[in-house]
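Engineer: Could you have a look at this structure, given as structure tokens, before my questions?
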Amino acid sequence: MAEENKNLRTPIVCVMGHVDHGKTTLLDQIRGTAIVKGEAGAITQHIGATEVPIDVIVEKCGDKRLADKFIVPGLLFIDTPGHHAFTTLRSRGGSLADLAIVVVDINEGFKPQTIESLNILKRFKTPFIVVTNKIDRILNWKSHPGESFLSTYKKQTPEVQGIFEQKFYDVIGHLYEQGFSADRFDRVTDFQKTLGVVPISGLTGEGIPDVLMVLLGLAQRFLESSLHYDVNGPGVGTVLEVKEEKGLGTTVDVILYDGSLQKGDTIVIGCLGEPIVTKVRALLKPRELSEIRYESKFQPIPKVTAAAGVKISAPDIGDALAGAPVIQATPETLDEVIEKVKSEIDDVQIQTDTDGVMIKADTIGSLEAMVHEFKKADVMIQKAEVGDITKRDIMEASTINDPMHSVILAFNVKVNPDAEELMEQKVAHNVKIFKNDVIYRILEEYQDFVKEQEEELEQLQADTLIKPGQFKILPGCVFRQSKPAVVGVRILGGVVKNNTEVMLPDGTVVGTVKGLELSGKKIPKATVGMEVAMAIDGVTVGRQIKEEDILYVHIPESDSKVLEFEIFDTLTSDEQETLDKYLAIRRKDKPFWGK
């Protein structure tokens, strides 16, 4: 490597995709380990990082000349469930991942976390490739372990190639639906305009050389200017995970992306309170091609330089926050660094609207991703925090009267036992919790809930709101003069229901409808065009009312405001016309009535 490129750090590559689509199996092929065999269900359970040097990549690609072609020192792969690591790897709301791989099972196609991964990458404008995994499971596929895709593809029968093409272009079609122009990697001439898709088998290694070549090409073309770092500068990184290690106590797994860090250095780590100031007791790094999560005996090192995944042992770091910054400080810079870390954490102590839902997430990055998606969907957020759902959260939500806001939207967090207990009590009967490990699914579930609530409110309003109505007393149809008066009427507009007051055209309220009959049968309401018998309590025919009088349903002022200003467009044309006549009567002497 040329002297001037010594300060070019390793690009950080995030592996994303739906669970069990083969993320760890893909990395197994790259690093030549068998981590997946030691995992329950072959599904990655925790966040980790693996540094793969350029010479190992060159060996995998089978072309030693590549060592002189590429200037990056290798690739640092982040391996974690779904898109979790991508949102955790953050700085000031931006992503630290330089490149990403979205893994899709070519036989299963797109799943919720596939779409979630694409949405997040689109938001951050991160260069990425799509890997269609498990081509070895295509019917009658003949595997050729370790070969490039084009080499193994040419050795398949025309029938197998046809099945592959159908499955492959289903994936291309799904990508198009998500807003991406995509094609097979060997057919792409401009990776800035067209997304490269690489078919592989994580099990047999077919296509793995192509993945590495495309990633190195992307790094070379798009990232060179952003990979420079100051080898003598202060170490700067992001917390990936906080966990207990036997014999070490609480440790933090960190991705160091700038500068260097050594044993004994003072570091400042972000948390929900005041930043943690502590000293590095030990730096621990897995052996080359090993994995932070699975190495039982970590190798102590005196110093680490970006970019690298490193485990830090230090006192009093139990409250460190996943996604928070870790910055080395000197006595001279300590106050400045504390303020920098504090301000970055304060940026995500989101108190947005005076009304709205509460959101909870497992990391700062996840919280920011939730806020972004919910704000885009016009969801009001009153409170947003990192951490599990607590008793206090339930109590706060239970005091909110609006059913659409007494809600907790939770991503990748647990409900604490005391909070669960409170949820079962009457005091928190109005609180709804929507939990999921896919952000857009939480949003969908909440939006469905809001729609149901709105429909229920509309129905309740429709049942209780007094609608406009107009009717005429028919001549020769007085069946009883009073107590109550019973007359035949024709409905001229709108609707007339039982137990509604009626008024004359001069605005005088004269009585209440106590019964409606059609062909001898009692009915709850009468609509335009119907001729019915109507019982009116409080009036005497010949005094307050007479034959051929036109009367109106008396609408309270509060209901008239809703009818005129909120739901006028939902009324029928005859209801609108009747309401206009009614309002004209009311506003004859009081121009601002109902406004």
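Engineer: Starting from residues that are crowded, with 17+ Cβ neighbours inside 10 Å and under 23 Å from the mean Cα position of the chain (by Cα), keep the ones in the stretch 158-177 and report whichever is nearest to Asn133 (Cα to Cα).
Structural biologist: Checking each candidate, the answer is Val171.
Engineer: Among what's in the stretch 1-27 and is polar (S, T, N, Q) and outside any helix (DSSP H, G or I), pick the residue that is modelled with the highest pLDDT.
Structural biologist: Thr10
Engineer: For the stretch 455-484, name all the residues that are under 27 Å from Asp580 (Cβ atoms), in a helix (DSSP H, G or I) and charged (D, E, K, R).
Structural biologist: Glu458, Asp463
Engineer: Same structure, new question: Among the residues of the stretch 158-180, which ones are among the aliphatic types (A, V, I, L, M) and closer than 25 Å to Gln192 by Cα?
Structural biologist: Val171, Ile172, Leu175 - these are the residues of the stretch 158-180 that are among the aliphatic types (A, V, I, L, M) and closer than 25 Å to Gln192 by Cα.
Engineer: Would you mind finding the one in Ser406, Ser398 that is of a type in the set (Ser, Thr, Tyr) and buried (at least 19 other Cβ atoms within 10 Å of the Cβ)?
Structural biologist: Being of a type in the set (Ser, Thr, Tyr) and buried (at least 19 other Cβ atoms within 10 Å of the Cβ) holds for just one of Ser406, Ser398, which is Ser406.
Engineer: Right, something else. If I filter the stretch 570-581 down to residues being surrounded by fewer than 19 Cβ atoms within 10 Å (Cβ to Cβ) and of a type in the set (Val, Ile, Thr), which single residue comes out as nearest to Glu454 (Cα to Cα)?
Structural biologist: For the stretch 570-581, the residue satisfying everything is Thr570.
Engineer: A further question follows. Pick from Val36, Val58: which is at pLDDT 60 or above and assigned to a helix (DSSP H, G or I)?
Structural biologist: Val58
Engineer: Considering Val562, Val510, which residue is outside any strand (DSSP E or B) and either in the same structural domain as Leu474 (by TED's automatic domain parsing) or more than 46 Å from the chain's Cα centre (by Cα) (or both)?
Structural biologist: Being outside any strand (DSSP E or B) and either in the same structural domain as Leu474 (by TED's automatic domain parsing) or more than 46 Å from the chain's Cα centre (by Cα) (or both) holds for just one of Val562, Val510, which is Val562.
Engineer: Taking the stretch 224-249 on its own, how many of its residues are over 19 Å from Ile345 (Cβ atoms) and outside any loop (DSSP other than H, G, I, E, B)?
Structural biologist: Looking only at that region, the number is 8.
Engineer: Being surrounded by 13 or more Cβ atoms within 10 Å (Cβ to Cβ) and outside any helix (DSSP H, G or I) is the filter here; which residues of the stretch 178-196 pass it?
Structural biologist: Result: Gln178, Phe180, Ala182, Asp183, Arg184, Val188, Phe191, Thr194, Leu195, Gly196.
Residue-wise test of (1) without any contact (Cβ under 8 Å) to a residue 12 or more places away in the chain; (2) of a type in the set (Gly, Ala, Ser).
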residue	(1), (2)
Pro158	yes, no
Asp190	yes, no
Leu195	no, no
Val198	no, no
Gly202	no, yes
Leu212	no, no
Leu223	no, no
Leu227	no, no
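Engineer: Between residues in the stretch 376-400 that are assigned by TED's automatic domain parsing to the domain that holds Val427 and closer than 22 Å to Gln447 by Cα and residues that are surrounded by fewer than 21 Cβ atoms within 10 Å (Cβ to Cβ) and of a type in the set (Asp, Glu), which pairs lie under 7 Å by C-beta distance while being six or more apart or on different chains?
Structural biologist: Once the first residue is assigned by TED's automatic domain parsing to the domain that holds Val427 and closer than 22 Å to Gln447 by Cα and sits in the stretch 376-400, its partners that are surrounded by fewer than 21 Cβ atoms within 10 Å (Cβ to Cβ) and of a type in the set (Asp, Glu) give Met380/Asp353; Met380/Asp355; Ile381/Asp353; Gln382/Asp353; Gln382/Asp355.
The rows are residues; the columns are (1) surrounded by fewer than 15 Cβ atoms within 10 Å (Cβ to Cβ); (2) aliphatic (A, V, I, L, M); (3) farther than 13 Å from Lys467 by Cα.
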position	(1), (2), (3)
Pro484	no, no, yes
Leu504	no, yes, yes
Thr508	yes, no, yes
Val562	no, yes, no
Ile585	no, yes, yes
Phe592	yes, no, yes
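Engineer: Right, something else. Could you list, in sequence order, the residues of the stretch 55-79 that are of a type outside the set (Lys, Arg) and free of Cβ contacts under 8 Å to residues at least 24 places away in the same chain?
Structural biologist: Correct list: Asp55, Val58, Glu59, Asp63, Ala67, Asp68.
Engineer: Of all the residues that make up the stretch 568-594, how many are over 17 Å from Lys497 (Cβ atoms) and part of a loop (DSSP other than H, G, I, E, B)?
Structural biologist: Total meeting the criteria: 8.
Engineer: Exactly one of (1) in contact (Cβ under 8 Å) with a residue 60 or more places away in the chain; (2) more than 30 Å from Ile567 (Cβ to Cβ); (3) touching a Ser or Thr at 6+ places or on another chain (Cβ under 9 Å) is unmet by Val427. Its number?
Structural biologist: With respect to (1) in contact (Cβ under 8 Å) with a residue 60 or more places away in the chain; (2) more than 30 Å from Ile567 (Cβ to Cβ); (3) touching a Ser or Thr at 6+ places or on another chain (Cβ under 9 Å), Val427 is out only on (1).
Engineer: Scanning for something within 21 Å of Glu577 (Cα to Cα), hydroxyl-bearing (Ser, Thr, Tyr) and in a strand (DSSP E or B), does the stretch 529-551 turn up at least one residue?
Structural biologist: Scanning the stretch 529-551 turns up no residue that is within 21 Å of Glu577 (Cα to Cα), hydroxyl-bearing (Ser, Thr, Tyr) and in a strand (DSSP E or B).
Engineer: Please specify each residue of the stretch 453-470 satisfying the condition of being more than 30 Å from Ile550 (Cβ to Cβ) and surrounded by 12 or more Cβ atoms within 10 Å (Cβ to Cβ).
Structural biologist: If the condition is that a residue be more than 30 Å from Ile550 (Cβ to Cβ) and surrounded by 12 or more Cβ atoms within 10 Å (Cβ to Cβ), then Gln453, Leu457, Glu458 are the ones that fit.
Engineer: Right, another one. Between Ile545, Ile555, Ile567, which is surrounded by 19 or more Cβ atoms within 10 Å (Cβ to Cβ) and closer than 23 Å to Ala462 by Cα?
Structural biologist: Unique residue meeting the criteria: Ile555.
The rows are residues; the columns are (1) modelled with pLDDT of 90 or more; (2) under 23 Å from Val13 (Cβ atoms).
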| site | (1), (2) |
| --- | --- |
| Val198 | yes, yes |
| Val214 | yes, yes |
| Gly217 | no, yes |
| Pro234 | yes, no |
| Glu245 | no, no |
| Thr250 | yes, no |
| Tyr257 | no, yes |
| Gln262 | yes, no |
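The values are calculated or read from the model by the stated rules, or taken from the named source; none is laboratory data. For clarity, every value in this text was computed on a predicted model and none was experimentally measured. Virtual Cβ from ideal backbone geometry, glycine too; neighbours counted across all protein chains shown.
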